[in-house]
1. How much accessible area per residue does the protein assembly as shown have, counting only protein heavy atoms and a probe of 1.4 Å, in square angstrom?
2. Using the crude model of +1 on Lys and Arg Cβ and -1 on Asp and Glu Cβ, and no other charge, please compute the dipole size for region A:1-125 relative to its Cα centre, in debye to 20.
3. Would you mind telling me which residue in A:296, A:30, A:102 has the biggest mean-square fluctuation in a Gaussian network model of chain A, where springs connect alpha carbons within a distance under 10 angstrom?
4. Could you work out [θ]222 nm for chain B from helices alone, using -39500 (n - 2.57) per DSSP H run of at least four and dividing by all its residues? Round to the nearest 500 deg cm²/dmol.
5. Considering only the protein assembly as shown, what is the antiparallel percent among its DSSP beta bridges, to the nearest 5?
6. What's the magnitude of the charge dipole for region B:49-201 around its Cα centre, counting Lys and Arg as +1 and Asp and Glu as -1 at the beta-carbon? Answer in Debye, nearest 20.
7. Order the following by accessible area, largest value first: B:328, A:170. Probe radius 1.4 Å; ligands, DNA and RNA are ignored.
8. Excluding ligands and nucleic acids, what accessible area in Å² is computed for residue A:219 using a 1.4 Å probe, to the nearest 10?
There are 2 protein chains.
Amino acid sequence: MSNIRDVAKVAGVSIATVSRALSAPETVSKKSLKKVHDAIEQVQYKPNMLARNFRRHRAFTIVVLVPNMANTFFATVVRGIEDVMQQHGFGVLLGDTRDQRKREEEYLKLVETRQADGVIQLRPYWEGDSILPKDDIIAVNAAGCEDTPYPCVRIDNAGAAKTATDYLLSLGHKRIGVITGLSENPHTIDRLKGYRQSLTDAGIECCDEWVAEGEFTMWSGLNAAQHFIRLAPEERPTAILSMNDEMAIGAIKGFRAAGIKVPEDMSIIGFDDIEVSRYAEPALTTIAQPAEEIGKAAANMLLRLIEGKELRQSDYILPYEFVVRSSSVPFTG
Amino acid sequence: MSNIRDVAKVAGVSIATVSRALSAPETVSKKSLKKVHDAIEQVQYKPNMLARNFRRHRAFTIVVLVPNMANTFFATVVRGIEDVMQQHGFGVLLGDTRDQRKREEEYLKLVETRQADGVIQLRPYWEGDSILPKDDIIAVNAAGCEDTPYPCVRIDNAGAAKTATDYLLSLGHKRIGVITGLSENPHTIDRLKGYRQSLTDAGIECCDEWVAEGEFTMWSGLNAAQHFIRLAPEERPTAILSMNDEMAIGAIKGFRAAGIKVPEDMSIIGFDDIEVSRYAEPALTTIAQPAEEIGKAAANMLLRLIEGKELRQSDYILPYEFVVRSSSVPFTG
DNA sequence: GTGAAAGCGCTAACAA
DNA sequence: TTGTTAGCGCTTTCAC
């Protein structure tokens, strides 16, 4: 394993020149440059990044905190992050936290111990979620919520939920249910706000029975469907907004199993627009979040922060898209 | 930002003692240990891992090469890898290669430049895929195929495909189609082998028209369905083995759209058992790969290799499970 | 059980 | 434009 000294010796220049030839070639004469490159070739030199990063006080690595990597939406955001980081010569350390606080702390330690230069958090900010923001830790939140007290990239969740609910109302539905995430989850709160606003604007009183709590998994969506199935048909919502596509898919399964047809007896709208939603039966009407773009924007923000630059804005809102497919149909008395 | 010297000064010991207190506490007296820990507390010391790793010639990081992180099966394997690595104090650098050779090389460079100690490749070994194995690069292949010329963890792909095909035959199907990945893909080759073996054993001649090439995406599965739809009904397979669940889901969509009912007119079997398969309509019969276990086993193998230990075996085969759900039914003349 | 000291391979003043 | 040199913060002999 050759080092910079070997290269310098073979090239007949100083190690400083070799170092410069690699990191700032424009400050080195053409002649030296060639000698260095030839020497590098000859001794098969590969710079030791461990040493370089140590010297530069930079890891050129970030960590991304993901609640669950098997969730397609998160995976897609991560892809966006990774794409930008790769282009900038940064590595992305995966921190699949499995919703465990301990794991989050473990990964954050990587930043504190300099193994990573910053962190992107894919879990929405929660009050009492004191882990971030944290002094000395450069962080950006991706796909989170309103009032995040550190830089973040997101969509207008309340607006999106309102858009979807408005649409169901326009289809003639009067009783509209909702499947939420955990009740304290900020996504639940923001989206519920939009849902309620829509109903209120339409002069419809919100009914507690219309809200079923899930936890953003298909399984919990299926369970949530049971809740609605237990309601008397004349009180049962005729349409449901699910706060993500996974739960919508689970709910469809649940309704089907109980003989409730989707969309004939029950319209359903999802949230996120993960890939499988268009292949679901029926194809899911949903709010499309620009997942990859969110990841890219978050990555660019973090990069700027790491370089010590100012951010133009610290609450960056990207547009969502409302995609109508087959799971939502007009109410038929 | 305090360093080891500050701690030593406050504790009234040498930096060597501080170092030992952290890396080999058993070699330090109780008394010194306490002084050191108190000092660490007092000056808020966080060891600089960049320096430590540099000194130890270890990155305590591995990179995982994933063709597509948005694919649930891959994401699940990665979760397994990450879980084991985390427990051993190793970070996992994400290398989403998007099936691009250039990206793979880029990420492999991290190992060559010591930023990572080894690599786990989730793409099956291909002849002419000369990128791995490579001298000086510690690597393990996960979820690959037969005859991988470096350590690997996988299932018996041919056997699994045969199991699934045998099952369709036992259901009375005589014309059985298959949706493959790209024809040169080793997974395609291995699984096709099992499929053909099954038919041959049953005395059925394989028909070229029964094979539709996909590329492991839902979209390509839908396209593959078109191929079968174009065949005359009396020549069309009555059952199909899809080489992954995504394509199976896409194919179901395609058949449905053409008025071919699944499973009544067409039985379908998938491969992988990703989470959504049980929620699909109809729920997918499939080969369940122990994705997370494959990841864990691969991680443990790599760890052993990094520590310079011998491997007990270098082709580690894990059991698969055949999961019967609703997408496969008996042939009804 | 502890401390002094020699680097790991590289970058970045500074001087030439 | 180039070379000399002093470390970055830590681990690890080696001697005590």
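1. On the way: 28460 Å² over 666 residues.
Result: 43 Å² of accessible area for each residue.
2. Values: 20 positive and 13 negative charges, 116 e Å.
Using Cβ point charges on Lys, Arg, Asp and Glu, region A:1-125 gives about 560 debye.
3. Result: A:30 has the largest fluctuation of those listed.
4. On the way: 11 runs with 139 residues, N = 333.
Per the formula, -13000 deg cm²/dmol.
5. Details: 7 of 72 bridges.
DSSP beta bridges in the protein assembly as shown are roughly 10 percent antiparallel.
6. Details: 20 positive and 20 negative charges, 65 e Å.
That gives region B:49-201 a dipole magnitude of about 320 debye.
7. Numbers: B:328 10, A:170 85 Å².
Largest to smallest exposure gives the sequence A:170, B:328.
8. Approximately 140 Å² for this residue.
The values are calculated or read from the model by the stated rules, or taken from the named source; none is laboratory data. Since this is a predicted model, take the numbers as computed values, not measurements. All Cβ positions, even for glycine, are placed from backbone atoms using ideal geometry, and neighbour counts span all protein chains on display. To get the accessible areas, we keep the full protein, side chains included, count just its heavy atoms, and leave off ligands, DNA and RNA. Shrake-Rupley method; radii C 1.70, N 1.55, O 1.52, S 1.80 Å.
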